[in-house]
Structure formats: structure tokens, C-alpha cells
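Data block below; observations after.
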Amino acid sequence: MIAKLRPILIATLFVLATVTTYAQSKRAPIVAREGFWVTETPAKGQYTIVRFYTNQNQLVYEETIERRLNIARQQTKRQLNTALEQAMFVWNATHKVPTERQWVAAQFAGRR
């Protein structure tokens, strides 16, 4: 009886693994539409410098926040991309580097 069920179980596991892999690959990557960001956190520092650049590597905005960011987290990437979009909007309108806007700090306000 078990010998007859073994091929069915193996086939079922194979189908489940395939469907799971397919579903995970369909998730949209977290990438900004325009520009990119770079973070710099000193080894022993409790702050992070975030810089936003155009696709042509021109600095658009720079901000230092008083916390370490875990850029491996999906939510952190989304928040940085939101701040990047704000900076790129202002950059595209004025072509000037905005100062003291606190876009990054606003994204992470209330989270520790």
C-alpha cells in the first residue's frame, strides 16, 4: 500500500515545490524607478549617511540619520525608495541639491 502511495507523494511534493518557487519569483523586486541610494554606516557608529544619486551618478541629496539601518530588510528598502522618489521629484523640478529636508528621517520616524 505504501509503495503505491510513494510516487504520488513524491509527485505532490514536486508540484508544491514548483508552485512555491514560481510564486516567489513573481514578486516584484524592490528597485527605484529612477536613481539609486547608497548608505554608509561606520562600524562602531550609531548613525547612517544616506545619499541619493541620479542614474548618471550625480548626487541629488544627502542626509545623516541618528540610527543604523538594516538595508537587508524589504521594508527598509521600500522606505529608502520612497524618500528617493521625493528627492528625485525635487531634483527634476529644480536641478538643485535640496538641504535639510529630513526625507529619510521622516520615513523611519517612530521605528527603532
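The values are calculated or read from the model by the stated rules, or taken from the named source; none is laboratory data. Since the structure is predicted, the reported quantities are computational estimates derived from the model, not experimental observations. All Cβ positions, even for glycine, are placed from backbone atoms using ideal geometry, and neighbour counts span all protein chains on display. Side chains included, ligands, DNA and RNA excluded: accessible areas come from the protein's heavy atoms. Shrake-Rupley method; radii C 1.70, N 1.55, O 1.52, S 1.80 Å.
Summary table
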| quantity | calculated |
| --- | --- |
| Qualifying positions in segment 44-59 - in a loop (DSSP other than H, G, I, E, B) and open to solvent by less than 50 Å² (accessible area, probe 1.4 Å) | G45, T54 |
| When residues of segment 90-112 are limited to those that are surrounded by 12 or more Cβ atoms within 10 Å (Cβ to Cβ) and over 18 Å from Y47 (Cβ atoms), the one modelled with the lowest pLDDT | P98 |
| For R78: the one exception among (1) open to solvent by less than 80 Å² (accessible area, probe 1.4 Å); (2) touching a residue at least 40 places away in the same chain (Cβ under 8 Å); (3) not small (G, A, S) | (1) |
| Residue satisfying condition, being open to solvent by 70 Å² or more (accessible area, probe 1.4 Å) and in a strand (DSSP E or B), within set E62, E85 | E62 |
